[in-house]
1. Take Arg326 and tell me if it is modelled with pLDDT under 90, assigned to a strand (DSSP E or B) and more than 30 Å from Gly508 (Cβ to Cβ).
2. Restricted to the range 543-567, and to residues that are assigned to a helix (DSSP H, G or I) and not polar (S, T, N, Q), which residue is surrounded by the fewest Cβ atoms within 10 Å (Cβ to Cβ)?
3. Taking the criterion of being crowded, with 16+ Cβ neighbours inside 10 Å, under 30 Å from Arg570 (Cα atoms), modelled with pLDDT of 85 or more and not acidic (Asp, Glu), would at least one residue in the range 481-501 satisfy it?
4. Out of the residues in the range 502-526 that are modelled with pLDDT under 90, in a strand (DSSP E or B) and of a type in the set (A, V, I, L, M, F, W, C), state the one that is most open to solvent (accessible area, probe 1.4 Å).
5. List the residue pairs whose Cβ atoms are under 7 Å apart, where the first residue sits in the range 516-544 and is among the aromatic types (Phe, Trp, Tyr), the second is assigned to a loop (DSSP other than H, G, I, E, B) and open to solvent by 50 Å² or more (accessible area, probe 1.4 Å), and the two are 6 or more positions apart or on different chains.
6. Pairs please, first residue from the range 628-642 and more than 18 Å from Gly210 (Cα to Cα), second anywhere and of a type in the set (Ser, Thr, Tyr) and open to solvent by 20 Å² or more (accessible area, probe 1.4 Å), Cβ atoms under 8 Å, 6+ apart in sequence or on different chains.
7. Given the options Asn229, Asn254, name the one that is in contact with a helix residue (DSSP H, G or I) (Cβ under 6 Å, 6 or more places away or on another chain) and assigned to a strand (DSSP E or B).
8. Just to be sure, is Arg383 of a type outside the set (Phe, Trp, Tyr) and farther than 28 Å from Leu318 by Cα?
Amino acid sequence: MLLNFFCFTAQAQQISGKIYDENNQPLPYANVLLLAAADSTLIKGTATDTTGAYVIEQIKAGDYLLSAQMVGYKNYYSEAFALNNTPQNFPDIRLREATTQLGEVTVRSTKPMIEVTPNALTVNVEASPVLQNGTAQDVLRKSPGITVDQNGNISLKGKANVLVYLDGKPTYLSDTDLARLLESTPAKNIEKIEIMDNPPARYDAEGNAGIINIVRTAQAATGLNGSINLNSGYGRYPKLNPSLNLNYRQKKFNVFGNYSHYYAKRFQHQNIFRRIPYQGDTTLFDQYSTSVNRVNNNNFRTGADWFITPKATLGVLLSGNVGRWRGNTDNLTELGGEYNNPYDGLTAESMERNTWQNLTYNVNFKQDFEKAGTLSIDVDNARWNNTSRQNNDNFYFSNEGSTAEPPLLVRTATETAIDIWAIKADYTRNIFGNWGLETGLKTSSVVTDNALDFNRLVDNRLVNDTLRSNRFQYDEKIYAGYAELSKKFNDQWQVKAGLRGEQTFSDGYSVTLDSAARRQYFNLFPSASLSYKMSEQHNLSLSYSRRIDRPDYGNLNPFEYFLDRFTFSRGNPFLRPQYTNAYGLTYGFKDAVFVTLNYNRTTDAITQVLLQDEAQQTTFQTTVNLNRINAYSVSLAAPLPVTQWWMLNLNATGYYNDIQSPFSEGGQINKSRFSYNLRAQNTFTLPGDVKLEVMGYYNSPQLWGLFEIGSQYQLDAGVSKTWGRFRAQASLDDVFRWQRAIVDIRQGDIDAQVRNRWESRVFRLSLSYRFGNEKIRQARQRGTASDDIQKRAGSGNN
């Protein structure tokens, strides 16, 4: 079927035309169906492009009907007509809105789940009953080109270091904190997700793999409106997510707020098998662990906008979350092969308690100067506080029944405080007639203070371990400016070129170890794109950008975190930034089908690795700089209208990663792999305003740094029904419980395998009710100036 999109015959008969709404606005992605006049059977179908235009080609002479259909509009059917040997330009079609009137309420259906442009792929969460019932992490896991592992780490087309944005600005959290934020953020709070491979200069230079922008829902903003939502779920354990959204607007003021509480209990099974050389032979470690954790998180966002004049707006915003995370892990480690320990294994019982309180204050001013452009200024302060307590009790055993080895009882306490200030100003206008100019300045300051108190329990008395206790302070300042020019020539050519400069000062200091890592560096980050419209159906675009990824604050922290006596993680305060040159080529057919080629070359690549201490027989995870990683990818996105009630969206991505680098005392990494992922989303529009959705994906084995990740696949199903202002949705994630993670690490003397299963099959039910006036303009969607540093801040959004 895909070949039909790429086969063109100059002599073929065809029908072409355009589709508009009642306001004469083009309707993109409307389904256009050619039906037999005799019995209304489907002959061929297509979808309109972004200008509302469509073409149906290679049609035999005969008698036909033409139907135009789009969710939210009444179906159109033409009179019967005859098609002879000449192409026919069909009269313009205008679709009328299909509305249900309840007083002042107008209920409309949502957008297609997947929309693709040369610049971004957009996943409309509100359009999917499957996606809406999960969490933000579930949405990403089911989005084209994105892989999320069992620990919540995100990669895009096989590349890590993805920059995650919130409402158009980056949300810089550490990998762990970002994972916990996403798994405690209901998808019901998300409008859409935008995936950008190669963003322009106005975006921060962070993120070699690209940008994922999570856009939160906004209330239709004279009067009061809002919604009440109750989402629940059950897998092995229950989940619950009530929320309330309110918006009130008068002529000069708009006040808005939302609150949601998220509770979930989850489990995970993990098996780690390792081989460590020992005196010419091998020691075998076979570890089994079961974890059960609970999260309670309160998210809130409130603010007000003052419309000073029709052209000037002043806004304030307060957002944050307060919550806690509790986890209990039981671990069994059995030793085999050759070893000289007075025991044959150990059991470890771990209990962790984590609490956080994060607040962001923002002031925003926006001024439109008509022909002189638009100015936007943001000033904000973010404060993050995170407290963690962990008990880790290790008990040794012997196959003979007893051992003299005393237990290792560890108590750790971690305190993290982060203070962020950021100011940014952006200005856009037209210059020299029809050239577009975007320019801006930004400054940010981050101060972090981390304290780790490491103690051992000996004879019921806590003894401080001065070699493992630590206090780490980090101070970073970034000054940035950018300018970008754009112009469109003759309705065919469009060019955009930008340059961003960033000056960084960083100072990391370990108080306990009296060790400092100070750096300052200035970088220029050029970006450019060129688009050519070859015809009404064919478009081509080229893009380039240079990007940087600074180390996460958590990865710079030299603290150690234990799983058991033999396994732990450790930071690396000497990490350097990594740099990426990214190239892209995109071909678009009818502004609906897109093929994209990408090439990324990353130097000083920041990568997670495993290292071993053979003398101590320990294995620990840390982060290092590798020499270089080359990444190649190709992706295809195509919406296929199968019938008037069945829409199929196909997405396919293939990528090849090649790693070449010296590693660990004269060793050499030489790894490469081709991988791919496939996604298919079927939407069935049934009578009675019922929508049925079946979605599946397959990720082939892939290479992630030194980690070789096995294949992953999943099938989900969902259904939704609307009665006026009331809406019900039900879904089942991972219907056949296929989801799992298999990871192999083999490099030098390192030989380890990890197997993971977690609570992936979950039934979810969502009930929502909208109230108030729904014919109100939207409240402003905006982020804050400090969003671009919160990912690396390790905010504690657990």
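1. So Arg326 fails the test.
2. Here is the first cut: in the range 543-567, the ones assigned to a helix (DSSP H, G or I) are 553-556.
If we keep only those that are not polar (S, T, N, Q) as well, we get 553-554, 556.
Working: Tyr553: 28, Gly554: 21, Leu556: 25.
Among them, the one singled out is Gly554.
3. The answer is no; no qualifying residue exists.
4. Checked the range 502-526; the qualifying residue most open to solvent (accessible area, probe 1.4 Å) is Ala516.
5. The qualifying pairs are Tyr532/Gln492.
6. Cβ pairs passing all conditions: Pro639/Tyr29.
7. From the options Asn229, Asn254, the qualifying one is Asn229.
8. no
The values are calculated or read from the model by the stated rules, or taken from the named source; none is laboratory data. Source: prediction; values computed, not measured. Cβ atoms come from the backbone with ideal geometry, glycine included; neighbour counts cover every protein chain shown. Surface areas here come from the heavy atoms of the whole protein model, side chains and all, with no ligands, DNA or RNA. Shrake-Rupley method; radii C 1.70, N 1.55, O 1.52, S 1.80 Å.
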